[in-house]
Amino acid sequence: MLPTAVYFFDVVVAVHVMCVVLAFGVTFAYPIVVPWLKANHPRAMPTVHQTQLRIGRRMITPFMVLILVTGIYLASDRDLWSQTWVTVPLVIIVVIFGFGGAFFTPRERKLAELADRDLGPERTGTFSAEYDKLFGSLMKVGALNGALILIAIFFMVAKPFAS
């Protein structure tokens, strides 16, 4: 039987999920694509890191804001603030916001500068130890960030400790 009405709450749930996909989907490709580009197309790395900055500024951050706004609405509308499956993802999104501003953005900017410097104007140089170290830390924290996203999704879908 087809539903006769679409409720605003359900539309907001759908928007909330869409925003998660739009904000974080691309970040799960980074551990596969970015190291491969570094190994096989090192000349592209200044542009790769500038692209990461642009995606962060134009996609990840705006959709994270919408995730937070829609999540606040959903939890408030149904008075769910006491639920662990609501508070854990809320803490995670705040941590991810912090990672974005305090970790990812400055390091991606620095990596773009270092890659540009190390490769030189002809793009024939090699990456410095400073670049490699910073690149490694970005990949490790990126993996942690991905794990946090998956934990948040698990809590939102499985609703452990729900009362």
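Some notes on this structure:
- Charge dipole (Cα centre; +1 on Lys/Arg Cβ, -1 on Asp/Glu Cβ; no other charges) of the range 81-136 amounts to roughly 180 debye.
- Relative contact order of the range 8-156, defined on C-alpha pairs under 8 angstrom at six or more residues apart (%): 33
- Taking every full run of DSSP H in the chain, the ones that stretch at least 18 Å from end to end by Cα along their long axis and average 0.0 or higher on the Kyte-Doolittle scale are 8-24, 61-77, 84-98, 129-158.
- Only DSSP H runs of four or more residues enter the estimate; each adds -39500 (n - 2.57), and after division by the residues of the chain the mean residue ellipticity at 222 nm equals -24000 deg cm²/dmol.
- The range 8-156 - Rg over Rh from alpha carbon coordinates, Kirkwood radius: 1.07
- FRET efficiency, GLU130 to ALA158 (Cβ-Cβ, R0 45 Å, nearest 0.05): 0.60
- Overall, the chain carries a charge dipole of about 260 debye about its Cα centre when +1 sits on the Cβ of Lys and Arg and -1 on the Cβ of Asp and Glu, all other atoms neutral.
Values quoted throughout were computed directly from the atomic coordinates according to the rules given, and no laboratory measurement underlies them. Only a predicted model underlies this, so the values are computations on that prediction, with no experimental measurement involved. In this analysis, Cβ positions are derived from the backbone assuming ideal geometry, glycine residues included, and neighbour counts consider all displayed protein chains.
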